[in-house]
Amino acid sequence: MSLNKISCAKVAALAISALMLPLVALAATPQSELQRWQQAAGQPGDAGRGQVFFGRRHNGEWSCASCHGQPPTRDSKHASTGKKISALAPGFNAERFTDSAKVDKWFKRNCKDVLSRECTALEKADVLAYLIGLK
């Protein structure tokens, strides 16, 4: 193989790697999501508060546990639709909290269903601290 072909192959490999870097940077982890919400809240999430929040019935009706189960370590069903919900705790479902867009979407939707408002950054950090701690 000539020097030109090797150089072209290296340049192509570097270009492909450079194009993939933003995709790697977008990949979230449960820990990075916790850090994101802790930073927004200005304080650490607390697993104890998160557990209480998760199990408490808000507005006298639903809790997070109404659909996700308590503890949220196994599959469950949505309280009104009966649709299957995979385990929420990341220690029991490796796909949980690995996509920031999905995290934002589901926190927004579920908090509005349960609380009739969006959750605060601290509430999100507390719940994530609780869920991450489940082993």
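Tell me the net charge near GLN70. Cut-off is 15 Å between Cβ atoms, GLN70 excluded, with +1 for each Lys or Arg and -1 for each Asp or Glu.
+3
Just to confirm a number: summing +1 for Lys and Arg and -1 for Asp and Glu over residues other than SER100 whose beta-carbon lies under 10 angstrom from that of SER100, what do you get?
Once positives and negatives cancel, what remains is 0.
Can you sort VAL127, VAL114 from fewest to most other Cβ atoms within 10 Å of each residue's own Cβ?
VAL114, VAL127
In which sequence would SER63, SER7, SER86 go, from the one with the fewest C-beta neighbours within 10 Å to the one with the most?
Placing the least packed residue first, the sequence is SER7, SER86, SER63.
Short version: ³J(HN,Hα) in whole Hz for each residue of the stretch 30-40, in order, from phi by Karplus 6.51 cos²θ - 1.76 cosθ + 1.60 (θ = phi - 60°), x for Gly and Pro, what are they?
Going residue by residue, I get x, 5, 5, 5, 4, 4, 4, 6, 5, 4, 5 Hz, with x marking Gly and Pro.
Give me, ordered by chain and number, the residues 5 or more places off ILE85 or on other chains with an amide H under 5 Å from its own placed amide H.
Distant-sequence amide H within range of ILE85: SER76, LYS77, HIS78.
Are there GluC sites (Glu not before Pro) in the stretch 29-106 that DSSP marks as loop and that have at most 10 other Cβ atoms within 10 Å, and which are they?
Here the sparse-neighbourhood loop sites are GLU95.
Using all alpha carbons of the stretch 27-133, what is the percent of pairwise distances in each 5 Å bin, ordered from the shortest bin to the longest?
Per 5 Å bin, starting at 0, the Cα pair percentages come out as 2, 13, 23, 29, 22, 8, 2, 0.
Give, as a single signed number, the net charge of other residues whose beta carbon lies under 10 Å from the beta carbon of CYS119, with Lys and Arg counted +1 and Asp and Glu -1.
My count for the surroundings of CYS119 gives +1.
Read-outs: derived from the displayed coordinates by stated rules, not from any lab. Since the model is a prediction, treat every value here as computed from it, not as a measurement. Virtual Cβ from ideal backbone geometry, glycine too; neighbours counted across all protein chains shown.
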